[in-house]
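What follows is a short report on a single structure.
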């Protein structure tokens, strides 16, 4: 895959805003493991190999088991996810595929059982943010070489 451009060089102020949003997400009340699990599932749906590669080790470091990562694409059929994770994953899928789902009441009701209002907003922010990152990475064909140069620039 040939990168289309280095969007950090093309629009540094825009990417500074994305980084600032990402920094904000690190301070949310949601557990790191849950945030990373959601980022992995959204990135699977969006086919973002760059983000999957980036977030898999972070997810493991945050406490997500390898077993959960192994079966994440089939989370509905796997017994390894608890009710809270299932509610978050269903909401992540509904929002990522919003043109198909319309964010159904059933997914929102399930979410409301496991998450308070603040957590629902925070989770929606995490889902929105990783979808945005996926669109940059997939849309501009981000390579691992660019990732390394981005990391060096931080």
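The values are calculated or read from the model by the stated rules, or taken from the named source; none is laboratory data. In this text the structure is predicted, and so the values were computed from the model without any measurement. Neighbour counts run over all protein chains shown; Cβ positions are idealised from the backbone, glycine included.
With a requirement of 2 or more residues that are closer than 16 Å to residue 127 by Cβ and in contact with a helix residue (DSSP H, G or I) (Cβ under 8 Å, 6 or more places away or on another chain), the helices (runs of 4 or more DSSP H) lying completely within the range 5-52 that satisfy it span 12-25, 32-46. The residue list 129, 95 contains one member that is surrounded by 11 or more Cβ atoms within 10 Å (Cβ to Cβ), at pLDDT 95 or above, in contact with a helix residue (DSSP H, G or I) (Cβ under 8 Å, 6 or more places away or on another chain) and under 20 Å from residue 14 (Cβ atoms), which is 129.
The set of residues in the range 99-120 that are surrounded by 12 or more Cβ atoms within 10 Å (Cβ to Cβ) and assigned to a helix (DSSP H, G or I) comprises 101, 107, 108, 110, 111, 112, 114, 119, 120.
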